Amino acid sequence: MQALHTCVHLYWNEDVSSSLRDLYDFTCLCNDSASEQFWEAIIKTAKNMNLSPLLYDVVCLSEFFFQLHCPLETKTQLKSHLNLFQRVRQSITRFVMKRALVPDTRACSSVSLKICRFIAYLRGHLMKMPVHVLVPHMFRKLSMVLRKS
């Protein structure tokens, strides 16, 4: 499923500078295919691949930014697979991503945008590597940045 592929790219990428485009692609794919069978298939595939929480987040973000027309039953079904810890974690993630996905322009620039982009950057790395590998990696990156400036 191309829509799930887009979700994974959007959420597993530590660089969110082009993630709004990925979110728009996801919205277009869903709106172009928006049938009951499409939503049933995407839920089934997401569940089989343990991507239901990710799909739920991307659907919520897509509704926020681009008014995705997702059936209420679909969201309810996706949300029903989440335990309390996942719901809290996802609320925080969506809060950060709603700010981090804002275009990086002078008009939109703010301290909260920079903080949320940094958190999204860390989150993307953390999803790809364990903490004991991430911490030294981040210190190396920080030292390289400090040497350049």
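The values are calculated or read from the model by the stated rules, or taken from the named source; none is laboratory data. Quick caveat, the model's predicted, so the values are computed rather than measured. When we count neighbours, we look across all protein chains shown, and the Cβ atoms used for this are built from the backbone with ideal geometry, even at glycine. In case anyone asks, the SASA skips ligands and DNA or RNA and just uses the protein heavy atoms, side chains included. Shrake-Rupley method; radii C 1.70, N 1.55, O 1.52, S 1.80 Å.
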Quiz item: When you scan region 14-49, how many residues do you find that are closer than 19 Å to Thr76 by Cα and of a type in the set (S, T, N, Q)?
Solution: 6
Quiz item: When Asn50 is evaluated against the numbered criteria (1) on the phi < 0 side of the Ramachandran plot; (2) open to solvent by 80 Å² or more (accessible area, probe 1.4 Å); (3) assigned to a loop (DSSP other than H, G, I, E, B), which criterion, by number, is the only one it fails?
Solution: (1)
Quiz item: If the Cβ limit is 6 Å and pairs must be 6+ apart or interchain, which residue in region 52-76 that is closer than 15 Å to Asp22 by Cα pairs with which residue that is assigned to a loop (DSSP other than H, G, I, E, B) and aliphatic (A, V, I, L, M)?
Solution: Ser62/Leu68
Self-check item: Flag if Ala120 is of a type in the set (Gly, Ala, Ser), over 21 Å from Arg21 (Cα atoms) and either without any contact (Cβ under 8 Å) to a residue 40 or more places away in the chain or not in a loop (DSSP other than H, G, I, E, B) (or both)
Solution: no
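So that you can scan it fast, the table gives a plain yes or no per residue for (1) surrounded by 11 or more Cβ atoms within 10 Å (Cβ to Cβ); (2) out of contact with any helix residue (DSSP H, G or I) (no Cβ under 8 Å at 6 or more places or on another chain):
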| position | (1), (2) |
| --- | --- |
| Leu72 | no, yes |
| Lys75 | yes, no |
| Leu78 | yes, no |
| Phe85 | no, yes |
| Ala100 | yes, no |
| Ser109 | yes, yes |
| His125 | yes, no |
Exercise. Hey, could you check region 83-116 for residues that are assigned to a loop (DSSP other than H, G, I, E, B) and farther than 17 Å from Leu23 by Cα and say which is modelled with the lowest pLDDT?
Key: Ala107
Self-check item: Residue, farthest from the chain's Cα centre (by Cα), within region 22-38, restricted to residues that are of a type in the set (D, E, K, R) and exposed (fewer than 13 other Cβ atoms within 10 Å of the Cβ)
Solution: Glu36
